[in-house]
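Undergrad: I have a structure here, written as C-alpha cells, and I will follow up with some questions on it.
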Amino acid sequence: MRKFILFIAFAFLFYSCDFNDEDDQELSTPLAICLDGLAISKASGESYKCQNYDLIGMVSLETMNATSANDSWGWTDPSTGKEYALIGLDNGTGFIDISDPLKPIYLGKLPTQTISTIWRDLKVYNNHVYIVADFKTSTPEIDKNHGVQVFDLTRLTSVVNPPQTFTNDYLYLEHGEAHNIAINEESGYAYAVGTNTYSGGVHAIDLTNPTKPVLAGGFADAGYTHDAQVVTYKGPDLDYIGKEIYVGSNEDKVVILDVSDKKNIKIISEVEYSKTQYTHQGWFTNDQSFFIVGDELDEFNKEVNNTRSIIFDFNDLENPKVHFEFVNSTDAIDHNGYVHKNKFYLASYTAGLRIIDVSNIVEKSMSEIGYFDTYNEKEDSGSSILSDSNRPNYSQDEDHDNPKKGGAAAFNGAWSVYPYFKSENIIISDINSGLFIVKKQN
C-alpha cells in the first residue's frame, strides 16, 4: 500500500511539473514565431508576413481606446532598467510597460490637449516626454492651444491600477500646432518644426529645466521643416566638429543648418534630388558621413515603382551630394526610418517594418535582411490618413500578396519604429492596429 501511495504521489508530481512546464513555455515564447515567411498570432490567429523577426507582444487600439495610431518612441527607467513604449494615438499618447514584452501592460493615456488628430509626434529627454500635434481645423484657437505637452515619465513607475488617465506636468505655449519635434539630448535643446511660428522652420526650446521649457530662438529663412534630426556633430567634416547641426527635411529639399547659437542660426547648405515629391524625414548613419532620406509621395504619385531611399554624402557639410538611391523590392510608401549600429529600421506603411543592412553604404550597397509586416490587408480597420476614395485599390495591385513586395502605396500600416532598447526589442506603431513588439530571431 505504501509503495502504491508513493507511486501515486510521484505520478502527480511528475504530471504537475509537466503541466507547469508547458504553461511556463506558453508564457515564455513569442506571441507569433516567424516560420516559413509567416507569423501566426497565438492570441488572434492573424497571420503576418515576416522574415527573421518574431512578434513578441502587442497592444491593440481597442485596448487603448483609440481609433488610430501614429508616432512612437521609447523610454528606459534609469533606476530599474525597465523599458516603456510611448505611442501617439489620435486622441492622446499611450504608455505601455514592456519590461515583460510577452505581457505588455497598458498603463494609461495622456489625452490630447485639444482635439483628436492623425498627426502626433513625441521625443524623450531627461525622463520627460515632449509631445506635439498638428491640426488644420477651421478654428484657429484649437490649432494655437496644443503647444508641447510635457510629461514626467517617472510617474509611470508608480502606477497601481492601470489604465489611468494622466495630466500634463507642463504645457509649453510659445507655439500652437507642430508637425514634429526633434531633441538633441547632448545639448538639451528641443526643436519643434512645422509650427505656426518662424514660417514653420526652426523653433528652438531650452530644456535645462525639463518641466519648464523656454523659447531659445528660431529661424524662418530656410522655410518649412516637416521633420529634422539635430546632433552635436562628430562627423568627418572638421570645420563643424562640436557644432550643433540641424538637418531638416523641408518638403522639396534637405537643409543643413548650424544652430549652435540659437539667436544667430546659419544656413550651411541645401541639397535637392531627382523626382522630388515630398521630402519627409531622414537620419544620419552612425559616423555622420551619410544621411538617409525618405520621400513620402514618390511611390504614391508613381514617380518611382518601388520603395526608394535617397542616401546623401555628408562628408562635406557645405557641399552635400546624392551618393546613391536604394530601391527596395517593396512598393509601399516609406515613412519614418532610424539608423542603429549598421542597420536602417524603416517603417514602410503597408509593407510594415523593413530592416536594411547599411554596413556597405560607402560602397553604394544596402540590402534588406529582415522584415515584419504589421499591416494585414484582409483586416483593414478603416483607419487611414486618406479617405476611402483616395486609397489605392488592392484588387488592382497584383503584388499585394507577395511578401517581398509588401502592400500597395497607401497610407496604412507601420507609421514609426523605435529600435534603441537595450533588450533589442523593437516597437512599431501601426496606424490600423496599435503597438507591435518584435525581435530578431536567435
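Undergrad: How long are the semi-axes of the ellipsoid equivalent to the stretch 91-214, from square roots of 5 times the Cα gyration tensor eigenvalues, in whole Å, largest first?
TA: The answer is 25, 18, 12 Å, longest axis first.
Undergrad: Could you compute the net charge surrounding ILE87? Neighbours are other residues with a C-beta less than 12 Å from the C-beta of ILE87; K and R count +1, D and E count -1.
TA: That works out to -2.
Undergrad: Also, quick follow-up: For the stretch 310-359, what does the alpha-carbon gyration tensor say about shape, rounded, prolate or oblate, given a ≥ b ≥ c as the root eigenvalues, a/c under 1.5 as rounded, and a/b over b/c as prolate?
TA: prolate
Undergrad: Order by neighbour count: ASP227, ASP54, ASP77, fewest other Cβ atoms within 10 Å first, most last.
TA: ASP77, ASP54, ASP227
Undergrad: Taking H placed 1.01 Å from N in the peptide plane, check which residues at least 5 places from HIS179 or on another chain put their amide H under 5 Å from its amide H.
TA: VAL193, GLY194, THR195
Undergrad: Roughly what would the spin-label model give for ASP100 and ASN342, points 7 Å off Cα along C-beta, in nm?
TA: 3.7 nm
Undergrad: Moving on to the next point. Structure shown: which of LYS234/LYS364; LYS341/LYS439; LYS343/LYS422; LYS341/LYS440; LYS262/LYS321; LYS253/LYS341 lie over 19 Å apart, alpha-carbon to alpha-carbon?
TA: The pairs that break the limit, which is 19 Å between Cα atoms, are LYS234/LYS364; LYS262/LYS321; LYS253/LYS341.
Undergrad: Another one. Residues with beta-carbon under 15 Å from that of TYR338, excluding TYR338: net charge, scoring Lys, Arg +1 and Asp, Glu -1?
TA: Neighbour charge sum, excluding TYR338 itself: -3.
Bear in mind these aren't lab numbers, they're just calculated from the coordinates by the rules spelled out. Just so it is clear, the model here is predicted, and its values are computed rather than measured. Neighbour counts run over all protein chains shown; Cβ positions are idealised from the backbone, glycine included.
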